[in-house]
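Below: one structure, written as structure tokens.
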Amino acid sequence: MKKLQNLFRTLATVALVFSLSTAAHAQFGNILKTAKQSVKMKAQRAKATARDKKNSIVFEHTTGAVLGATNDAGDKVYGAINGIMNKGNDAIRKAKQGAIDAITGKKNGSGVNFSKGFKYKDLDENIFPYRPAENYPDFFSSAANNEQLDQTCTAVVTAVLEGKTIDQFVNVTLKDGRQGVVPIDETFRHAYCAEFLNSPTDFEKFKKVVPVLMFCNRGFYERVKYAIDNPQKGIVSVSKGQLLLWPSKDEMDDARYKRETAVLEVACNAVDYNKLYEFLRETYDLAISTPDPSDKAMVYMMAETVYNQVFTQHADYDAAGQPARQIDLVRARFAQQ
């Protein structure tokens, strides 16, 4: 317990590992066998060039067919922990670059200094609309609301993993007069993204944004449900007269996808590769040493999110290098348990 708390002390989701309901424990306990098989399948792949391995590593396990699964149940269990946006490498790169263009106003990443960071006032208002910041304290990290954001993050991610519907919304009035509501997860997702983009070389801020990156994980994203009466028209509640801030749920998802893929792209260029390696090594080691199956699965999912979406896509990633091979080794150790 102490080791886990120390490792994830800056992650709001640390409480998830020890706060899941009995039903959730049973559900995620079943993931381990599939997760291990995933790693074994990767180790047994035919010989490939380093470039091929780098380009395919995120997507090679997105279907049950790779695991030999022949039933929907098997696919769903696998997808819950190890799914990644199944759109192909080119589409992912295009989406990331489009996100960078959107938040910086630059084309093709020209002149972008990822390590320097991005001031909030310079970010695109369609994706980061809460300004001036002092008028929207719920959407920014500060000494006054850090604990609340962490608690909200924990509660939301727990609800998603337990299959519950997110039914809390926050009223918002933008400076252009637009009014509406946003789901409660918008508070920490916006806050942690803005904080990371402002100081992308601060590794503590990267660890803080890891729970947000889970929303880019296909298996996790597909479990996110909102209590919205009419998603197509952005009508949250007919009885309460609530409208989404966006014209539809799809437009809300698109704006947040751009924001979070921008975070991924910046992370892949600005986060210290060696610190990323140390974080992953410690996290996989923890997954190996954690005895409870559901706790083990949760820690493993955290590690896989960072591994698939940042580490293997990092500008300094070298499949044949010592850090990458060390992580491959520790993942193989997990699979042998």
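The values are calculated or read from the model by the stated rules, or taken from the named source; none is laboratory data. Computed from a prediction, not measured in an experiment: that's the story for all the values here. Here Cβ is always computed from backbone atoms with ideal geometry, including for glycine, and neighbour counts include all displayed protein chains. Note: areas computed on protein heavy atoms with side chains; ligands, DNA, RNA excluded. Shrake-Rupley method; radii C 1.70, N 1.55, O 1.52, S 1.80 Å.
Scanning the range 157-185 for residues that are open to solvent by 10 Å² or more (accessible area, probe 1.4 Å) and part of a helix (DSSP H, G or I) gives 158, 159. Among the conditions (1) at positive phi; (2) open to solvent by 10 Å² or more (accessible area, probe 1.4 Å), residue 234 misses just one, which is (2).
Determine whether residue 296 is basic (Lys, Arg) and either part of a loop (DSSP other than H, G, I, E, B) or at pLDDT below 90 (or both). So residue 296 passes the test. Does residue 126 meet the test of being within 16 Å of residue 246 (Cα to Cα), at pLDDT below 90 and surrounded by fewer than 16 Cβ atoms within 10 Å (Cβ to Cβ)? So residue 126 fits the description; yes. Taking first residues from the range 272-286 that are under 15 Å from residue 313 (Cβ atoms) and partners that are of a type in the set (D, E, K, R) and open to solvent by 40 Å² or more (accessible area, probe 1.4 Å), the Cβ contacts under 7 Å between residues at least 6 apart in sequence or on separate chains come to 273/316.
Residue 335 satisfies every condition listed in (1) in contact with a helix residue (DSSP H, G or I) (Cβ under 8 Å, 6 or more places away or on another chain); (2) free of Cβ contacts under 8 Å to residues at least 60 places away in the same chain; (3) surrounded by fewer than 22 Cβ atoms within 10 Å (Cβ to Cβ) except (2). Across the range 215-223, not a single residue is classified as surrounded by fewer than 16 Cβ atoms within 10 Å (Cβ to Cβ), of a type outside the set (Phe, Trp, Tyr) and over 16 Å from the mean Cα position of the chain (by Cα).
You will find that of 315, 287, 303, 324, the residue that is small (Gly, Ala, Ser), within 17 Å of the chain's Cα centre (by Cα) and closer than 24 Å to residue 208 by Cα is 303 and no other. Filtered by the rule that a residue be open to solvent by less than 10 Å² (accessible area, probe 1.4 Å) and touching a residue at least 40 places away in the same chain (Cβ under 8 Å), the range 309-323 gives 310, 312, 314.
Would you please list the contacts, defined by Cβ atoms under 8 Å and residues six or more apart or on different chains, that run from a residue in the range 153-174 that is touching a residue at least 24 places away in the same chain (Cβ under 8 Å) and more than 22 Å from residue 209 (Cβ to Cβ) to a residue that is crowded, with 17+ Cβ neighbours inside 10 Å and aromatic (Phe, Trp, Tyr)? Cβ pairs passing all conditions: 165/226; 167/226; 174/130. In the set 320, 255, only one residue is assigned to a helix (DSSP H, G or I) and of a type in the set (Gly, Ala, Ser); that residue is 255.
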